[in-house]
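First the structure, in the form of structure tokens, and then the observations on it.
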Amino acid sequence: MSDTGLMVPGMDEPPRRYNLTITMAREGGRLRGPVSFAAAADRAAWRRSASIVSAYTADPIITVVIVHAPSRYAAVAVARAVISEALQPQLPASSPPAGEARGRAAVPRTSAA
């Protein structure tokens, strides 16, 4: 027989849905383009079991992060982590890390003759 109770001690109710709105100004063009920010934010939200919707206006970027969490404080922490990760500079996906590129070039090819 399985036990289907809550697994966290002291947690009396299930997680609730929180919609957190975050507004960021484009100061000096330091933010990425809309497409790359949206893709990075989507990946960061997916890693944290959250979802995200962004709207771009003339100056600010308005982002809503939707999180299921046990408390408002936990939801805010997840939303801040999502936005923080989305704002980090990313390497282009097409270029392999430098160590991998050197490692492949240094391996001599042998013939099977």
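The values are calculated or read from the model by the stated rules, or taken from the named source; none is laboratory data. Note that the structure is predicted; figures quoted are calculated from it, not measured. Note that each Cβ is placed from the backbone with ideal geometry, even for glycine, and that neighbours are counted across all protein chains shown.
Just to verify a result, which residue in region 30-54, among those that are small (Gly, Ala, Ser) and over 12 Å from residue 83 (Cα atoms), is surrounded by the most Cβ atoms within 10 Å (Cβ to Cβ)?
Start the filter on region 30-54 by keeping residues that are small (Gly, Ala, Ser), which leaves 33, 36, 38-41, 44-45, 49-51, 54.
Next cut, over 12 Å from residue 83 (Cα atoms) only: 33, 36, 49.
On the way: 33: 10, 36: 12, 49: 10.
Filtering region 30-54 for residues that are small (Gly, Ala, Ser) and over 12 Å from residue 83 (Cα atoms), the one surrounded by the most Cβ atoms within 10 Å (Cβ to Cβ) comes out as 36.
Go through region 1-29 and report how many residues are touching a strand residue (DSSP E or B) at 6+ places or on another chain (Cβ under 8 Å), among the hydroxyl-bearing types (Ser, Thr, Tyr) and either modelled with pLDDT of 90 or more or more than 23 Å from residue 84 (Cβ to Cβ) (or both).
Matching residues across region 1-29 total 2.
So residue 52 ticks every box in (1) closer than 17 Å to residue 88 by Cα; (2) at pLDDT 90 or above; (3) part of a helix (DSSP H, G or I) but one. Which box is left unticked?
The one condition residue 52 does not meet is (3).
Quick check, is residue 104 surrounded by fewer than 11 Cβ atoms within 10 Å (Cβ to Cβ), at pLDDT below 75, in a helix (DSSP H, G or I) and not aromatic (Phe, Trp, Tyr)?
yes
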